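The values are calculated or read from the model by the stated rules, or taken from the named source; none is laboratory data. Keep in mind the model is a prediction, meaning the values are calculated, not measured. As a convention, Cβ positions derive from the backbone with ideal geometry for all residues, glycine included, and neighbour counts pool all protein chains shown.
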Amino acid sequence: MGKYFTEDDIQLLKEKLREACATGWKTKGYKLTNIAFLTKEVGISTGSFYRLYETKEELFLEVLLMIQHQLKEQWHSIMETTPGIEGFKKAMQWLFEEYIKHPKLYNFNSPDYVLFLNKLPQEEIESFRENDEHFLHNVLEHSGLQLKISKEQAYGIFSTLLFTATMEKDFGYNKQEIFSFLLDSSIHQIFETDKEDNN
C-alpha cells in the first residue's frame, strides 16, 4: 500500500491493528506486543503506524474498549438464552473461563499490566477503571434479578471471585471447581430467588 491512505484504508488498517493487538496481548502480553510485532502482523511500516496512532497505548486503549464491548455483548447473549439466576451463573462461568484462558489480558495486577497503566495519563487510568467497574454494574442492572444486598457488595463479591482466575500460583486444586462451588454457595445469598429458579 502506498503512502497515501484513504479513509477506507485507515479504517481497515486500524481494524487489523486492533485484531493483531488483541491477539498479541492475549498470548504475549503488553510489553512483547510491541510496534515491531504489530506492523509486521499487519504489513505496514513504523511510520505508517504513527500516522494511525500517536502511541502504542492509544491502540491498546481502543482494544480494551473493544474487548469490554465484546464481553458485554456475549454476557447479554447468554442471559437472553438462559434468563434468571441460572443464566447469571452460566455467564459468570463463561467470564471466569475467559479470564483463565487469557490472564495476560485480564490480570490487572501483573507487572506487565502495571507497566501499561504507568504509560497512561492519570485521566485515562481513571476512565479505564470506571469502564471496568461499569461492566459488572451494567450486567447486574440488566440481569432482571433482585439483589438482597447492595450493588457495591455484589460487585465486590463477583469481582473477588473473578480475580481468582488470574492468580498464577499453583494451589494444587482446580480453580474452576472452586469458583463454581463459591458461586453456587453465594449466589442465592446475593439474589432473591423467584419461583422459576426453584422449579
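Assorted remarks:
- Residue in the stretch 140-149 that is part of a helix (DSSP H, G or I) and either of a type in the set (Gly, Ala, Ser) or within 19 Å of the chain's Cα centre (by Cα) (or both) present: yes
- Residues in the stretch 179-198 that are modelled with pLDDT under 90 and not in a loop (DSSP other than H, G, I, E, B): 195, 196, 197, 198.
- Any hit, the stretch 74-82, residues being more than 30 Å from residue 193 (Cα to Cα) and assigned to a helix (DSSP H, G or I): no
- Yes/no for residue 57 being surrounded by 14 or more Cβ atoms within 10 Å (Cβ to Cβ), on the phi < 0 side of the Ramachandran plot, part of a helix (DSSP H, G or I) and in contact with a Lys or Arg (Cβ under 6 Å, 6 or more places away or on another chain): yes
- Some residue of the stretch 78-92 being farther than 21 Å from residue 129 by Cβ, more than 11 Å from the chain's Cα centre (by Cα), aromatic (Phe, Trp, Tyr) and surrounded by fewer than 17 Cβ atoms within 10 Å (Cβ to Cβ): no
- In the stretch 120-136, the residues that are more than 14 Å from the chain's Cα centre (by Cα) and surrounded by 14 or more Cβ atoms within 10 Å (Cβ to Cβ): 120, 124, 125, 127
- Residue within the stretch 150-168 that is exposed (fewer than 15 other Cβ atoms within 10 Å of the Cβ), modelled with pLDDT of 80 or more, part of a helix (DSSP H, G or I) and of a type in the set (Val, Ile, Thr) present: yes
- Verdict on residue 46 being under 25 Å from residue 140 (Cβ atoms), among the β-branched types (Val, Ile, Thr) and surrounded by fewer than 14 Cβ atoms within 10 Å (Cβ to Cβ): no
- Residue within the stretch 29-41 that is surrounded by 15 or more Cβ atoms within 10 Å (Cβ to Cβ), over 16 Å from residue 116 (Cα atoms), of a type in the set (S, T, N, Q) and modelled with pLDDT under 95 present: no
- Within the set 38, 13, 71, 17, the sole residue that is in a helix (DSSP H, G or I), outside the structural domain of residue 141 (by TED's automatic domain parsing) and within 30 Å of residue 139 (Cα to Cα) turns out to be 17.
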